[in-house]
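J.: I am attaching a structure below and will ask some questions about it afterwards.
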Amino acid sequence: MEHPENNEAYKGLKVNDGVEALGSVNPYLPTMRRKKAAQLSVNDYVEGILRGDVTVLSRAVTLLESLLPEHQAMAQEVVEKSLPYSGNSLRVGITGVPGAGKSTSIDAFGMHLLSNTGGKLAVLAVDPSSERSKGSILGDKTRMERLSIHPRAFIRPSASAGSLGGVARKTRETIILCEAAGYDTVFVETVGVGQSETAVCSMVDFFLLIQIAGAGDELQGIKRGIMEMADGIVINKADGDNVDEARRAAVHYRNALQLFPMPASGMRPEVQTYSGFFDLDIDKVWGMIDSYVAKVKANGWFDERRRYQQKYWMYEAIDEQLKSRFYNTPDMQDILSRYEQLLQQGKITSFAAASKVLDFFDANVYGDE
C-alpha cells in the first residue's frame, strides 16, 4: 500500500519517527518483587508469638492450617511450646441463624470490650467452604470495620473446610497460640446453626446464641438442641419499629427456657435484647457474660468445664489421627477403588466392602498377629 507521505505532492512535509513501544512487562519489575519471607524455626515462631508479633502469629496459624505433613509436625511443636503460656483468656463462642448479624455484633461487642479494658481481643471467624471448589469468601473482616483496624484486635478468618458445626479443624490450637500471644479475650464465630454446634461449645467458656425477632422460630423444636447448649441468648436488631417485637421474642425464649432442665453449670441462660448495628444495650449483653463467668468461677464449673474440654479434644484428636492413618495406609487408595467398582457392579454390599477394607487396614497395622 502506497503511503501518502511518500507522494511528491507532499514532499515539503516531514514525517517524525514514532515513539518506541515499551514492552508489556514493567522493566523494573524484577527489582520491585518482594523478597520471599525467611523460613522460621519452631523457636522463632514461639518467641515471636510470646512477644505478641502479629505477623509471626498469622504465619503460625497458616502453618497450623497447612495439610503438608512436615508443616503439621512443626505446627504441633509450636503449639506444645506455647501451651504453658495459654489458658488465661475468656473464650466466647458466638453462633446464630444466617442473617442474625453475628459479624456486626462481634464488631460492636469487641469495640465495647476494648474501649472499657486495656486488654487484647482475638476473633476467629469461620467462613463456610464451597463443597465444589473448596474455596471460601472469608468476608467477615468487611463486616467488622472498626475491629479490623484496631491495634489491639486480631481477626483471623478461616475456611470451615467441611468441619462439623462450621468450626475450622485447627481452631482449638489457634486459640492456644492467641492466648500465648497475650490475647485475653477470644471470640469464635461459627458459620451458623448447622448439623451440630457441639464442637464450638466444647472449646469456649461462654456460648452465645444470637437470634432475631420475627423469624418464626421462637418456639420451634428444631432449635431445642442449640438452645440447651447456649449459656446466653440475645435478640439482635432491637431498634426502631422492631423494639417491641424483639422484646416479645425475648419473653417467648425466657418462657421456653423454663421448660428445660437446669444446666450443669447451675446457671439458667439469660435472654437480652440489643442492636449491634446501632450499638444499643451492648453493655447489657456484656454484663450478662461477665455475671455468668463470675458465678461459674465461684461454683467451680468454669474449671470443671475446661477439664472436660481437654478430655473431649483428646478423643477428637484420636479420631482425626486414626482417619488420617487409615487413608494414608500404603495401597489403600487402590483397595478403595477396587471395592468402589465392585459396589457399582452390584457384586458386594456397602457393609461387606467396608469390612473388607478394614480387614486390609488391620493386616497392615497388626500383620499376622
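J.: Among the listed residues 324, 337, which satisfies the condition of being under 22 Å from the mean Cα position of the chain (by Cα) and in a helix (DSSP H, G or I)? Even if it seems obvious, please write down each step before you answer.
T.: Details: 337 fails: under 22 Å from the mean Cα position of the chain (by Cα).
The unique qualifying residue is 324.
J.: So, in region 270-292, exactly how many residues are part of a helix (DSSP H, G or I), surrounded by fewer than 17 Cβ atoms within 10 Å (Cβ to Cβ) and not charged (D, E, K, R)? Give the steps one after another, and end with the answer.
T.: Keep residues of region 270-292 that are part of a helix (DSSP H, G or I), which gives 282-292.
Adding the requirement that they be surrounded by fewer than 17 Cβ atoms within 10 Å (Cβ to Cβ) leaves 283-284, 287, 290-291.
Then drop every residue that is not not charged (D, E, K, R), which leaves 287, 291.
Here the count works out to 2.
J.: Select from region 78-107 the residues that are in a helix (DSSP H, G or I), of a type in the set (A, V, I, L, M) and under 20 Å from residue 290 (Cβ atoms) and list them in ascending order.
T.: If the condition is that a residue be in a helix (DSSP H, G or I), of a type in the set (A, V, I, L, M) and under 20 Å from residue 290 (Cβ atoms), then 106 is the only one that fits.
J.: Report, by residue number, each residue of region 225-264 that is assigned to a helix (DSSP H, G or I) and within 24 Å of the chain's Cα centre (by Cα). Don't jump to the end; show me each part of the working.
T.: Narrowing region 225-264 to residues assigned to a helix (DSSP H, G or I): 225-229, 240-257.
Listed by number, the residues that qualify are 225, 226, 227, 228, 229.
J.: Assuming residue 267 fulfils every condition listed in (1) in a helix (DSSP H, G or I); (2) more than 21 Å from residue 185 (Cα to Cα) apart from one, which condition is it?
T.: (1)
J.: Out of 33, 59, I need the residue that is at pLDDT 90 or above and among the basic types (Lys, Arg). Which one?
T.: Working: 33 fails: at pLDDT 90 or above.
Going through 33, 59 in turn, the sole match is 59.
J.: A further question follows. Would you check if residue 50 is out of contact with any helix residue (DSSP H, G or I) (no Cβ under 8 Å at 6 or more places or on another chain) and of a type in the set (A, V, I, L, M)?
T.: Working: out of contact with any helix residue (DSSP H, G or I) (no Cβ under 8 Å at 6 or more places or on another chain): no; of a type in the set (A, V, I, L, M): yes.
When the stated conditions are applied, residue 50 does not pass them.
J.: Hey, any hits in region 171-180 for a residue that's basic (Lys, Arg), farther than 22 Å from residue 276 by Cα and at pLDDT 60 or above?
T.: First, the residues of region 171-180 that are basic (Lys, Arg): 172.
Narrowing the set further to residues that are farther than 22 Å from residue 276 by Cα leaves 172.
Checking the rest, the ones that are also at pLDDT 60 or above come to 172.
Yes.
J.: Take the residues of region 212-224 that are in a helix (DSSP H, G or I) and of a type outside the set (Gly, Ala, Ser): which is modelled with the lowest pLDDT?
T.: Residues of region 212-224 that are in a helix (DSSP H, G or I), as a first pass: 221-224.
With of a type outside the set (Gly, Ala, Ser) added as a condition, the list becomes 222-224.
Values: 222: 42, 223: 61, 224: 66.
Filtering region 212-224 for residues that are in a helix (DSSP H, G or I) and of a type outside the set (Gly, Ala, Ser), the one modelled with the lowest pLDDT comes out as 222.
J.: Report yes if residue 338 is touching a residue at least 12 places away in the same chain (Cβ under 8 Å), out of contact with any Asp or Glu (no Cβ under 8 Å at 6 or more places or on another chain), surrounded by 11 or more Cβ atoms within 10 Å (Cβ to Cβ) and farther than 27 Å from residue 202 by Cα, otherwise no.
T.: On the way: touching a residue at least 12 places away in the same chain (Cβ under 8 Å): no; out of contact with any Asp or Glu (no Cβ under 8 Å at 6 or more places or on another chain): yes; surrounded by 11 or more Cβ atoms within 10 Å (Cβ to Cβ): yes; farther than 27 Å from residue 202 by Cα: yes.
For residue 338, the condition - touching a residue at least 12 places away in the same chain (Cβ under 8 Å), out of contact with any Asp or Glu (no Cβ under 8 Å at 6 or more places or on another chain), surrounded by 11 or more Cβ atoms within 10 Å (Cβ to Cβ) and farther than 27 Å from residue 202 by Cα - is not met.
J.: Do the conditions hold for residue 119, that is, is it part of a loop (DSSP other than H, G, I, E, B), of a type outside the set (D, E, K, R) and in contact with a Ser or Thr (Cβ under 7 Å, 6 or more places away or on another chain)? Lay out the reasoning, then the answer.
T.: Working: part of a loop (DSSP other than H, G, I, E, B): yes; of a type outside the set (D, E, K, R): yes; in contact with a Ser or Thr (Cβ under 7 Å, 6 or more places away or on another chain): yes.
Against the criterion (part of a loop (DSSP other than H, G, I, E, B), of a type outside the set (D, E, K, R) and in contact with a Ser or Thr (Cβ under 7 Å, 6 or more places away or on another chain)), residue 119 qualifies.
J.: If you check residue 64 against the conditions, is it modelled with pLDDT under 95, closer than 30 Å to residue 302 by Cβ and out of contact with any Phe, Trp or Tyr (no Cβ under 9 Å at 6 or more places or on another chain)?
T.: It is true that residue 64 is modelled with pLDDT under 95, closer than 30 Å to residue 302 by Cβ and out of contact with any Phe, Trp or Tyr (no Cβ under 9 Å at 6 or more places or on another chain).
The values are calculated or read from the model by the stated rules, or taken from the named source; none is laboratory data. Keep in mind the model is a prediction, meaning the values are calculated, not measured. Every residue, glycine among them, receives a Cβ derived from its backbone with ideal geometry; neighbour counts consider all protein chains shown.
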